[in-house]
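Please read the structure below before turning to the comments.
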Amino acid sequence: MFMRCDGQRWCDMFAGSGAIGLEALSRGAKEVVFIEQDKEAFKVLRSNVETCKMQTQSILIHDDAIHVIHNQSLGVFDVIFMDPPYDMSLEWFIEPLLKQAWYDKDTLFVFERRSQEDLSSLSLRFEIIKQRKVGQSQYVIACIKV
């Protein structure tokens with residue numbers, strides 16, 4: 001999806017094991033904010049960050065993503081990766097996120113969803129840059145419509 005991430009600041013929402021954010025760091029991202037609510041997944045995330053020796057470039061937040069969106073000012077990100085559970089609507093997270101100062105006109109939003117899910121409503125707020133289906137998942141890379 002991304003070849004180089006040099007100097008980028010990422011937010012990995014619903015981080016799980018942290019694989020996406022850690023991959024960004026390995027490709028040159030300067031910082032990743034990992035947000036994960038699940039207690040067991042957060043333990044794995046913390047362990048993976050430590051194993052990869054990426055603690056200084058990582059901010060780990062053990063909290064519900066929607067709570068973080070509403071209550072924390074985390075600054076502007078170059079990339080916001082959102083992989084909420086497939087049974088949760090993207091709108092639940094997009095609406096409050098777009099009211100925060102986490103992005104600018106150059107921020108890339110990456111959404112991971114079920115391959116059969118209709119994501120045409122994203123085009124109301126986002127300019128779709130790339131959309132790709134891989135197995136049971138689909139990925140959409142977009143930027144905010146200016």
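The values are calculated or read from the model by the stated rules, or taken from the named source; none is laboratory data. This is a predicted model, so every value here is computed, not measured. So basically every Cβ, Gly included, is an ideal-geometry build from the backbone, and we count neighbours across all protein chains shown.
A compact table of results
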item	result
Odd one out for Gln37 among (1) more than 29 Å from Lys145 (Cα to Cα); (2) in contact with a Ser or Thr (Cβ under 8 Å, 6 or more places away or on another chain); (3) not charged (D, E, K, R)	(2)
Unmet criterion (only one of (1) out of contact with any Asp or Glu (no Cβ under 7 Å at 6 or more places or on another chain); (2) in contact (Cβ under 8 Å) with a residue 24 or more places away in the chain) for Gly28	(1)
Only listed residue being under 21 Å from Ser137 (Cα atoms) and without any contact (Cβ under 8 Å) to a residue 12 or more places away in the chain, chosen from Glu40, Glu36, Glu23, Glu50	Glu23
Only one of Cys11, Cys5 that is modelled with pLDDT under 95 and either surrounded by 15 or more Cβ atoms within 10 Å (Cβ to Cβ) or under 15 Å from Met54 (Cα atoms) (or both)	Cys5
Selection within region 118-135 - under 13 Å from Ser89 (Cα atoms) and surrounded by 13 or more Cβ atoms within 10 Å (Cβ to Cβ)	Leu119, Leu122
